Amino acid sequence: MAKYHVPVLEKFQWQQPVIDKDLTSPPADPSKGDRYLIYGTGSGDWTGHDNDIAYYDGSAWQFIDASEGMHVWVKDEDKIYVFDGTSWSEEGSGTGDMLKSTYDTDNDGIVDKAESIDDGTYSATAQEIKDAVDKRHTAGSETLGGSLAGTVSDARLASGNDADKPASPEVGDVYIATDTDKVYKCISAGTWSLIKNLDLSGNNVNDLADITSSGSDIEDAVSKKHTQDTDQYLDYGGSNQISAAQAKEAYDRRATYVAEYEALEFDNL
């Protein structure tokens, strides 16, 4: 004949739900099967049963002794309570760094806020994340040679007509004037400094950063550049102009000092 085993529920860690945990004395008119968690100091028929689970059998109150690890669902709060061997506490509301009452204030199972994130490889503080979000851009909103989305103060880089430069730039801001091919940078708060003035048409360079010569001086120097081995004059156009042929003739007729005679000896005279 087969034998069947029926578990005694109170011996298991998970308990049947209780109606409430905030009563310290029995309700006036209980119904059979009603269950309560005696969370505080019991009184009346519950005296001496602190922390126990009380259930009404239709005529008297019976009690299940609390033991470490017991779990019970409290209906009126929609929360689970756990007994640690000394007292009952809401599951997940321990005394460590991650207090549910602090990090999940709306009880939705999601952390409300955190000071930083760290996946073991990368980490960022909440401030760094906010800064990145504030400086994000919308894909496809940039235009080459036109006005960049945003302003100099929040984008750090902007472009447009020269006359439309922001009046009060911040240090570090850069502005590209697309109509004059000039690049400005704010080195001193509130003031633009020209760092490049490029005339892209005809490959002419008017000015470069860190060069004190004017654009016309640079163009003059470039126009007078020479190609190696093609020089024909020295001081061309000047008062001491001399041709390559004259220089060669003077070289060929140079004198040689002869110590024996203490005199200069000339060839090719």
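Quick note: the coordinates plus some simple rules give every number you see, no bench work behind them. Not measured: the values here are computed from a predicted model. Cβ: placed from backbone, ideal geometry, glycine included. Neighbour counts: every protein chain shown.
What the table below lists for this structure:
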read-out: Environment charge at residue 178 (Cβ cut-off 12 Å; Lys +1, Arg +1, Asp -1, Glu -1); value: -2
read-out: Dipole magnitude of segment 9-90 about its Cα centre (Cβ charges: Lys, Arg +1; Asp, Glu -1), debye to nearest 20; value: 180 debye
read-out: Gain on full stretching of the segment that runs from residue 217 to residue 195 - 0.36 nm per residue minus C-alpha separation; value: 6.2 nm
read-out: Inter-probe distance in nm under a simple model that places probes 7 Å from Cα toward Cβ, at residue 262 and residue 170; value: 8.5 nm
read-out: Net lengthening on full extension, residue 252/residue 236 (0.36 nm per residue, minus Cα-Cα); value: 3.6 nm
read-out: Calculated FRET value between residue 20 and residue 185, using beta carbons and R₀ = 51 Å, to 0.05; value: 0.15
read-out: Sequence ranges 18-27, 243-252, 164-173, ranked by mean other-Cβ count within 10 angstrom, highest first; value: 18-27, 164-173, 243-252
read-out: Stretch gain in nm, segment residue 126-residue 76, where the contour uses 0.36 nm per residue and the Cα spacing is subtracted; value: 14.3 nm
read-out: Cross-link pairs beyond the 23 Å C-alpha cut-off, checked among 135/182; 165/196; 135/185; 135/165; value: 135/182
